[in-house]
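Readers should treat all values here as calculations from the given coordinates under stated rules, not as data from a laboratory. The model shown is predicted, which means the values in this text are computed figures rather than measured ones. Because the Cβ atoms are built from the backbone with ideal geometry, glycine has one as well, and the counts that use them run over all protein chains shown.
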C-alpha cells in the first residue's frame, strides 16, 4: 500500500471540508472502530483508521446527496495522495453512489464499522447519564436486528461484518470498546 498521510494532516483535511461537530465526532468514532478492527484482524491499522476518519469528508459538499456522497470524497482524497485502497473503500461505503460492489476486507469493515457507530451512539443516548461507559455490549447487540431502534442505521451494512469473519455481536463489542476509549473526544 502507498504511504499513508500523517494523522494530523488527515484530521486537518477533514476539518477543512467538514464543519459540523456531529460529523467530526462520527468520523473520530469511525476512525477508532476501524483501527480496532484492523488490530483484531491483523490488517494495516493506519490505512483502516484513515478510511474511518475520512469516509464522510464530502458529506457537506454533497449535502448528503446519496447519488454523489462517496464519489466526491474519492476525488478529494486522490488529489491528496491517499492510497487507492482507502479511496476505493470510501467510495464504496455508500452503495447508492456507485455500482462497484464491496469486495475487500476494508470495504466491508468500513461499511459495517461506520454504521455500527450510529447504533452505539444511540444506545448511549438512551442511558440516563448519556455516556458510553454505561453502555453494555449486550444492549448494542440486541438492537442490531431491531429496526425500530435508531431506524436510520444501516443494518445490512452492519451485517457485512460477517464478510470479514466477525459475528455482529463481536463487531458491537469491538466498536463499543473503541468508542469508550475516546469517549472524551466524542462527548459521550
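Output the number of residues of region 137-169 satisfying the condition of being part of a loop (DSSP other than H, G, I, E, B) and in contact with a helix residue (DSSP H, G or I) (Cβ under 8 Å, 6 or more places away or on another chain).
First, pick out the residues of region 137-169 that are part of a loop (DSSP other than H, G, I, E, B): 144-154, 165-167.
Now restrict to residues that are in contact with a helix residue (DSSP H, G or I) (Cβ under 8 Å, 6 or more places away or on another chain): 144-145, 147, 149-150, 152-154, 165-167.
Of the residues in that region, 11 qualify.
Kindly provide the set of residues from region 96-117 that are in a loop (DSSP other than H, G, I, E, B), without any contact (Cβ under 8 Å) to a residue 24 or more places away in the chain and touching a helix residue (DSSP H, G or I) at 6+ places or on another chain (Cβ under 9 Å), ordered by number.
Pass one, region 96-117, residues in a loop (DSSP other than H, G, I, E, B): 96-104.
Narrowing the set further to residues that are without any contact (Cβ under 8 Å) to a residue 24 or more places away in the chain leaves 99-101, 103-104.
The answer is 100, 101, 103, 104.
Mind checking whether some residue in region 76-94 is outside any loop (DSSP other than H, G, I, E, B), more than 24 Å from residue 13 (Cα to Cα) and touching a residue at least 24 places away in the same chain (Cβ under 8 Å)? Steps first, answer last, please.
Narrowing region 76-94 to residues outside any loop (DSSP other than H, G, I, E, B): 76-79, 84-92.
From what's left, more than 24 Å from residue 13 (Cα to Cα): none.
Taking every residue of region 76-94 in turn, none turns out to be outside any loop (DSSP other than H, G, I, E, B), more than 24 Å from residue 13 (Cα to Cα) and touching a residue at least 24 places away in the same chain (Cβ under 8 Å).
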